[in-house]
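Working notes, structure below.
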Ligand SMILES: [Zn+2]
């Protein structure tokens with residue numbers, strides 16, 4: 001049985017951040033975040049410490065997600 005438990009992710013930090021929380025896993029830098037993690041941040045579940053503009057967030061999502069995934073999220077938001 002693995003005794004190590006990764007701390008629960010609380011926030012997304014700016015690109016390239018190397019603070020203590022990013023090292024211990026409580027936060028993750030934007031450039032290392034997954035599509036699902038950014039999605040949770042945009043939904044307000046994770047705190048947004050990124051300081052990123054809308055354009056920078058869009059670029060991060062486009063880099064991580066397939067067009068199919070982006071289309072499905074878009075339709076979900078629109079309730080279809
Ligand atoms: Zn950090």
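The values are calculated or read from the model by the stated rules, or taken from the named source; none is laboratory data. Because the structure is predicted, anything quoted here is derived from the model rather than measured. We place every Cβ from the backbone using ideal geometry, glycine too, and count neighbours over all the protein chains shown.
Laid out as a table, the results:
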read-out: Wholly enclosed helices (runs of 4 or more DSSP H) of the chain bearing at least 1 residues more than 16 Å from the ligand (Cβ to nearest atom), touching a residue at least 24 places away in the same chain (Cβ under 8 Å) and buried (at least 16 other Cβ atoms within 10 Å of the Cβ); value: 35-42, 54-64
read-out: Members of the stretch 39-54 found to be modelled with pLDDT under 95 and in contact with a strand residue (DSSP E or B) (Cβ under 9 Å, 6 or more places away or on another chain), listed by number; value: 40, 42
